[in-house]
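Working notes, structure below.
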Amino acid sequence: MSLNLTDITLTYPDGDTRLTALDQVSLEVPQGSLTAVVGPSGSGKSSLLAVAATLITPDTGTVTIDGQRTTGLTRGELTELRRHKIGIVFQQPNLLPSLTAAEQLQVMAQLDGRKPGTARTRAMELLDAVGLADQAGRRPHQLSGGQRQRVNIARALMNDPTVLLVDEPTSALDHERGAAVLGLITRLTHQQATATVLVTHDRTHLTAVDQIAEVQDGRLRLPAMNR
Amino acid sequence: MFVAWRDLKFAKGRFALMGAVIVLITLLVGLLSGLTAGLGRQNVSAITSLPADKIAFQAPSGRQELSYSNSTVTEQQWRKWSEAPGVESAEPLGITTTKATAGDKSTGVSAFGVEPGSRLAPDSDRITGSAVVLSTTAADDLGVKAGDSFTLAGRQLKVAAVRGDAHFSHTPVIWTRLDTWQKTAPPTSTDDGPTATVIALSTTSQADVAATDHQAGTKTVSTDDSLSAIGSYTSENGSLQLMRGFLFAISALVIGAFFTVWTIQRSGDVAVLKALGASTANLLKDALGQAVVLLVGGTLIGTGIAASVGALVSGSAVPFLLTPATVLIPAVVIILLGALGAALSIRRITSVDPLTALGSVR
């Protein structure tokens with residue numbers, strides 16, 4: 001398994017008590033598969049994603065990324081794990097305003113200490129894969145919302161992650177662009193053989209996912225294979 | 001520096017504005033440094049260029065401080081110092097500010113009286129009872145050259161030579177023989193033989209300064225420390241150094257404020273980079289590198305302009321001293337203090353939580 005969450009419990013302080021965001025959640029996501037995590041707002045979807053991204057340490061339970069347990073890792077080791085093993089597609093594209101589309105990807109390689117020439121080639125391959133090879137020199141303000149989201153996706157794949165975490169990628173897109181983006185994520189999941197978790201409250205485009213897990217009040221309904 | 005370079009190019013306006021502020025502050029500090037050093041030289045160069053490591057003053061009474069204008073030493077005191085162990089040379093030096101006139105030109109000068117053949121004065125072997133050595137500025141101000149005559153405090157004297165450009169208390173120096181100096185500027189006490197203002201000493205480590213001071217009734221300090229006994233130098237230099245210090249502090253604060261705002265503005269980007277796997281150390285290095293590039297660029301331009309202005313005014317009536325110390329040291333201090341200000345500002349990068357990059361958890 002590329003991503004394995006076991007018995008995850010996460011609570012937040014809420015006045016004098018604690019609010020349970022995730023309650024004994026377990027989830028397995030195989031390599032090359034796409035798991036959609038659905039549920040209403042506030043159900044714990046994003047908390048699940050944050051735990052999987054190693055951005056929050058759960059109260060109990062274990063997170064295993066590509067066979068490596070994250071329990072006990074230092075902050076620096078978790079940062080390194082995110083850099084090498086985890087790709088994150090943010091809800092908002094969160095592109096850096098001073099960088100061109102190609103540079104948004106190259107910065108990932110630069111963080112990883114890779115050579116600029118190799119990074120440029122890989123960036124162009126990925127921009128081509130998301131249909132933006134001709135927009136490589138444009139900055140975020142020169143791209144449309146859909147184009148920015150595609151750069152966001154390509155950036156997440158730049159360091160060849162084993163786990164791809166996608167947070168509400170269609171929330172700011174219309175129906176047609178949303179469908180295109182989800183189709184792209186599905187295709188890239190299979191092409192890049194990532195264990196992809198897609199968090200969404202929108203069930204309209206989920207026909208192509210491999211697994212759907214539903215979160216309700218911090219509890220995960222046992223996932224049933226979609227296909 | 002991957003993101004930092006691109007930020008510099010992308011946010012040209014903001015960085016150009018900040019760069020211009022650094023240029024102007026550096027220019028101001030550079031000009032002030034040159035002026036401070038130039039004014040300082042006009043105050044003390046005659047003392048600092050003396051071949052002496054210590055100056056003996058008349059011991060001040062009560063709470064009085066050492067002062068070149070109040071000190072009077074006697075021949076007896078000079079003899080005591082001459083005979084003291086560890087003293088290679090002890091030479092009386094008379095100092096008085098007076099007026100010199102040549103034709104229709106007159107100027108304030110400092111008359112420095114020395115013993116015949118003294119090492120203290122340039123070309124001292126040419127100084128006689130009626131011939132003196134003038135500094136370049138004194139000669140220029142009076143419009144005289146070697147062989148010409150002029151009047152010093154009412155006494156007709158001849159210019160034996162024009163040498164050096166020594167100044168004391170903003171007046172050019174005229175080197176006279178001690179007995180001439182005593183006549184042109186009579187000392188207050190004559191009970192104990194010929195007097196002077198101070199004794200210039202060259203000592204070795206064997207000299208027991210405190211004991212000789214006690215015996216001779218003098219107070220001896222190093223040549224550098226004696227500069228504070230020049231009243232105009234202490235007040236003038238203190239004010240200018242205070243202004244310079246404030247400018248350094250202002251530059252650090254302004255740069256710190258700019259990078260505080262800049263870091264807050266880009267904290268969202270920092271959170272994204274951290275979430276994507278950028279280490280905090282890497283982000284700090286990137287941000288500090290950006291600050292240093294801006295600082296070095298702005299400081300170089302400012303220093304270049306200050307040096308150019310200094311070169312233009314050097315040699316004119318403006319007392320501006322253009323040396324590596326007056327130009328480069330302020331530049332280095334601005335860079336170091338600016339980098340410190342920036343470092344304190346960008347340290348908030350360490351507290352940016354990458355979790356905030358996940359919009360729905362914000």
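The values are calculated or read from the model by the stated rules, or taken from the named source; none is laboratory data. Just so it is clear, the model here is predicted, and its values are computed rather than measured. All Cβ positions, glycine included, derive from the backbone under ideal geometry; neighbour counts span all protein chains shown. In case anyone asks, the SASA skips ligands and DNA or RNA and just uses the protein heavy atoms, side chains included. Shrake-Rupley method; radii C 1.70, N 1.55, O 1.52, S 1.80 Å.
Residues that are over 25 Å from B:Ala46 (Cβ atoms), at pLDDT below 90 and open to solvent by less than 70 Å² (accessible area, probe 1.4 Å): does the stretch B:198-211 have at least one? No, the stretch B:198-211 contains no residue that is over 25 Å from B:Ala46 (Cβ atoms), at pLDDT below 90 and open to solvent by less than 70 Å² (accessible area, probe 1.4 Å). Among residues of the stretch B:145-159 that are part of a loop (DSSP other than H, G, I, E, B), those with a Cβ under 6 angstrom from a residue that is among the polar types (S, T, N, Q), sequence gap 6+ or separate chain, pair up as B:Ala153/B:Thr98; B:Ala153/B:Thr184.
Of the residues B:Leu227, B:Leu240, which is under 21 Å from B:Leu50 (Cα atoms) and of a type in the set (A, V, I, L, M, F, W, C)? So that I can check it myself, show each step before the final result.
Values: B:Leu240 fails: under 21 Å from B:Leu50 (Cα atoms).
The unique qualifying residue is B:Leu227.
If the condition is being open to solvent by 30 Å² or more (accessible area, probe 1.4 Å) and within 28 Å of the chain's Cα centre (by Cα), then the stretch B:58-77 contributes B:Gln58, B:Ala59, B:Pro60, B:Arg63, B:Gln64, B:Glu65, B:Leu66, B:Ser69, B:Asn70.
Could you tell me whether A:Thr35 is open to solvent by 20 Å² or more (accessible area, probe 1.4 Å), assigned to a strand (DSSP E or B) and more than 14 Å from every other protein chain (Cβ to nearest Cβ)? Before the answer, list the steps.
Details: open to solvent by 20 Å² or more (accessible area, probe 1.4 Å): no; assigned to a strand (DSSP E or B): yes; more than 14 Å from every other protein chain (Cβ to nearest Cβ): yes.
No.
Residues that are aliphatic (A, V, I, L, M) and open to solvent by less than 30 Å² (accessible area, probe 1.4 Å) were ranked within the stretch B:295-306; the one that is farthest from the chain's Cα centre (by Cα) is B:Leu295.
Selection of the stretch A:44-70 for residues being away from chain B (no Cβ under 13 Å) and either assigned to a loop (DSSP other than H, G, I, E, B) or closer than 20 Å to A:Thr194 by Cβ (or both) yields A:Pro58, A:Asp59, A:Val63, A:Thr64, A:Asp66, A:Gly67, A:Gln68, A:Arg69, A:Thr70.
Of the candidates B:Lys80, B:Lys12, the single residue that is within 14 Å of chain A (Cβ to nearest Cβ), out of contact with any strand residue (DSSP E or B) (no Cβ under 7 Å at 6 or more places or on another chain) and open to solvent by 70 Å² or more (accessible area, probe 1.4 Å) is B:Lys12.
Residues that are assigned to a helix (DSSP H, G or I) and free of Cβ contacts under 8 Å to residues at least 12 places away in the same chain were ranked within the stretch B:270-284; the one that is farthest from the other protein chains (Cβ to nearest Cβ) is B:Ala281. Elements of the type helices (runs of 4 or more DSSP H) sitting completely within the stretch A:71-148 and holding at least 2 residues that are within 14 Å of another protein chain (Cβ to nearest Cβ) and acidic (Asp, Glu): these cover A:75-85.
Filter the stretch A:10-32 for residues that are assigned to a loop (DSSP other than H, G, I, E, B) and closer than 18 Å to A:Ile86 by Cβ; which is nearest to the other protein chains (Cβ to nearest Cβ)?
The first filter runs over the stretch A:10-32 and keeps only residues assigned to a loop (DSSP other than H, G, I, E, B), leaving A:15-16, A:30-32.
Add one more test, that the residue is closer than 18 Å to A:Ile86 by Cβ, and what stays is A:30-32.
Values: A:Pro30: 23, A:Gln31: 20, A:Gly32: 22 Å.
Ranking the qualifying residues of the stretch A:10-32, first place goes to A:Gln31.
No other residue among B:Ile22, B:Ile47, B:Ile55, B:Ile95 is assigned to a strand (DSSP E or B) and open to solvent by less than 10 Å² (accessible area, probe 1.4 Å) apart from B:Ile55.
Applying the criterion of being open to solvent by 60 Å² or more (accessible area, probe 1.4 Å), over 30 Å from A:Ala172 (Cα atoms) and in contact with a helix residue (DSSP H, G or I) (Cβ under 7 Å, 6 or more places away or on another chain) to the residues of the stretch B:332-362, the residue that is nearest to the other protein chains (Cβ to nearest Cβ) is B:Thr350. Looking only at residues in the stretch B:312-331 that are under 12 Å from B:Leu35 (Cα atoms), of a type in the set (A, V, I, L, M) and modelled with pLDDT of 85 or more, the one that is surrounded by the most Cβ atoms within 10 Å (Cβ to Cβ) is B:Leu322.
For B:Trp5, all conditions in the list (1) within 14 Å of chain A (Cβ to nearest Cβ); (2) of a type in the set (Phe, Trp, Tyr); (3) assigned to a strand (DSSP E or B) hold save one; what is the number of the exception? For B:Trp5, the failing item is (3).
Taking A:Thr60, is it out of contact with any helix residue (DSSP H, G or I) (no Cβ under 8 Å at 6 or more places or on another chain), touching a residue at least 40 places away in the same chain (Cβ under 8 Å) and surrounded by 16 or more Cβ atoms within 10 Å (Cβ to Cβ)? Quick ask: steps written out before the conclusion?
Working: out of contact with any helix residue (DSSP H, G or I) (no Cβ under 8 Å at 6 or more places or on another chain): yes; touching a residue at least 40 places away in the same chain (Cβ under 8 Å): yes; surrounded by 16 or more Cβ atoms within 10 Å (Cβ to Cβ): no.
So A:Thr60 does not fit the description; no.
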